[in-house]
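Student: Once you've had a glance at the structure underneath, I'll fire off some questions.
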Amino acid sequence: MVRAAGLLLGASLFYLGALQTAGDADRGRELFRLRGCVVCHSVDGKGGGYAPDLARRIAREQPPLGMAAEMWNRGLIMLDMLRKKRLELPEVGEQDLADLYAYFYSARYFDRPGEAGRGKQLLREKGCLQCHRLNGAGGGQGPAVSEWPPVAEPIALVERMWNASSEMRQTMLRLKIG
């Protein structure tokens, strides 16, 4: 058990060194599968259901050091689960950890969850509801909030705003918004 705890501490500290190395999210996704992480963990519901879904955002500040601390704090639970499933603790190197970290980042593991109440407040404060509808209330000039691309697709959201920016700006000036 002490050896296993030492391995986890070493992996956690080694993980911090991996932050200096550029990671590849696609390779990280493949490593997640090849190293057997997917046996217990899932990402977006795909994979095992014994450990947390790593794409599910929960309220946490999760800088890289926080993830190392979380691995340390949950390490004995992970080792016990591995033993019950007759699995070995996978060997990982610095590049492997950098790639896994890039994968977790691409799966939005480190993102804070949104707060609907705060979002509604911002829409009101910034004057967005003069043109956009939210739950049937508000203006009808722009698309309803329910028609916006999901925040999980930021490129699509930025694209729509960019393409409408000239018209939006003129309307905002006319309505004295912003």
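Student: Stick to Cα atoms and the Kirkwood definition of Rh, then tell me Rg/Rh for region 116-175.
Tutor: Result for region 116-175 is an Rg/Rh of 0.95.
Student: Explain nothing, just the number: relative contact order of region 116-175, from Cα pairs under 8 Å at least 6 residues apart, as a whole percent.
Tutor: It comes to 15 percent, rounded to a whole number.
Student: Which lysines does residue 84 reach when only Cα atoms under 27 Å apart count, and residues fewer than 8 places away in its own chain are ignored?
Tutor: Residue 84 reaches 46.
Student: I need to check one value: relative contact order of region 31-178, counting alpha carbon pairs closer than 8 Å and at least 6 residues apart, in percent.
Tutor: About 16 percent, as a whole number.
Student: Report, in cubic angstrom per residue, the convex hull volume of the C-alpha atoms of region 36-178.
Tutor: Taking only Cα atoms, region 36-178 has a hull volume of 148 Å³ per residue.
Read-outs: derived from the displayed coordinates by stated rules, not from any lab. From a predicted model like this one, the values you see are computed outputs, not experimental measurements.
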